[in-house]
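Below you'll find the structure, written out as structure tokens, and then a few comments.
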Amino acid sequence: MFKLIFEIICQFLSKKHEIDDCFGYPRTDEFYELLIKKDWVTFEKEYLSLRIDERHVLSSSLTEKINEISLFDEWNSNDSSALPLIFKSKFLIGLAFEARGERVASTVSEDNIKTFFKYLEEAYDVMSEARTKGPLFSEGYDSLFSIMTGLSFEVKDFHELFNEFLELNVIDLDVALNVVDSLAEKWIGSHEEMFEFARSLSKNNPYYNSLIAIAHIEKWLDFSAFDEDENGEEMADVYFKQPEVVNELISAVEGDQCLVSENKYFSFMAHNLYAFVEVKMGRFDKAKQHFLIIGNNITTTPWCYEGFNELWIINRARKKCGLKKLKF
């Protein structure tokens, strides 16, 4: 407990850096200008020519940059595809989770909860309209999973939608990670349902092996400081030392095809997950390899699970691996 208090104090005293989960995507301003100029045709042509990982980070960075929802409505009135509505849904989802914040649901004010549901319900209506305009694209399914999570849809609804998504024949780590998060016990599922989904998908395609890592992280996160094993040790401290956990994670990272794919932004996501679990397992030389590839391309998850100052947490992990602190 004293160790936890000390770490919280250290995080308060250390400089906090806002993590950019869009990895400073270099073409955001270019696409933003196309939207502002209302050059919808060029925007859509250029956007759909991007790799799927680029489209995810770009759609996120753009919806954070745009302030007026009316822009999406005007775009939609001049476009026959579902794309403008998908962007609008992401904008609304951002507003919803901004209202909710990162707090435990029981600590969120009643007004903020109402705002949260209001925006999600609007986003769901937007995506229902998008379905009538044509293919949802991978990003559309990503929006739907986020909406369904916030509105507490049933587990079977997620499986049905994911089976529909698979018909796109697109390999998309971001969507898969979103579903694992949704099926976690903290949202609408259970540890069993979460692991069943992660293991099934990675078994069919090793590109998704990092789902095993995030599933174990989610289960580890569920242990409180007072949960102990039969030897009286805190489960949060020993979870990643259990042989069956170690073996499954080593097998996952060694066979992960995403790490060697051209989708570098998905690769950064996977490397962050593996760096986290390798440190937890005490395999610092292996974690170091991931950190060297990641560089400054750090993600909020999973580092936020150990506190509110992700940069401090990452630098503590890097120090264990013999690496210098990251500076921004």
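The values are calculated or read from the model by the stated rules, or taken from the named source; none is laboratory data. On a predicted model such as this, the values are computed, not experimentally measured, just so you know. Neighbour counts are summed over all protein chains in view; Cβ atoms, including those assigned to glycine, are modelled from backbone coordinates with ideal geometry.
Across the range 167-202, the qualifying residues are those that are within 14 Å of residue 222 (Cβ to Cβ) and either outside any helix (DSSP H, G or I) or not assigned by TED's automatic domain parsing to the domain that holds residue 248 (or both), and the one among them that is modelled with the lowest pLDDT is 186.
Identification of helices (runs of 4 or more DSSP H) wholly contained in the range 235-319 with 3 or more residues that are of a type in the set (A, V, I, L, M, F, W, C) yields 235-238, 243-255, 264-281, 284-294. Inclusion of residue 158 among residues that are under 23 Å from residue 55 (Cβ atoms), in the same structural domain as residue 54 (by TED's automatic domain parsing) and part of a helix (DSSP H, G or I) is warranted. Of the residues making up the range 123-154, those that are in contact (Cβ under 8 Å) with a residue 12 or more places away in the chain, surrounded by fewer than 18 Cβ atoms within 10 Å (Cβ to Cβ) and either farther than 30 Å from residue 307 by Cβ or in the same structural domain as residue 309 (by TED's automatic domain parsing) (or both) are 129, 131, 133, 134, 135, 154. The sole residue among 295, 255, 322 that is closer than 23 Å to residue 195 by Cβ, among the small types (Gly, Ala, Ser) and surrounded by fewer than 16 Cβ atoms within 10 Å (Cβ to Cβ) is 255.
Which count do you get for residues in the range 139-165 that are hydroxyl-bearing (Ser, Thr, Tyr) and over 15 Å from the mean Cα position of the chain (by Cα)? Qualifying residue count, the range 139-165: 1.
Out of curiosity, is residue 110 within 20 Å of residue 174 (Cβ to Cβ), free of Cβ contacts under 8 Å to residues at least 24 places away in the same chain and not hydroxyl-bearing (Ser, Thr, Tyr)? Spell out how you get there, then give the answer.
Numbers: within 20 Å of residue 174 (Cβ to Cβ): no; free of Cβ contacts under 8 Å to residues at least 24 places away in the same chain: yes; not hydroxyl-bearing (Ser, Thr, Tyr): yes.
So residue 110 fails the test.
Checking each residue in the range 102-131 for being within 21 Å of residue 61 (Cβ to Cβ) and not in a helix (DSSP H, G or I) picks out only 102.
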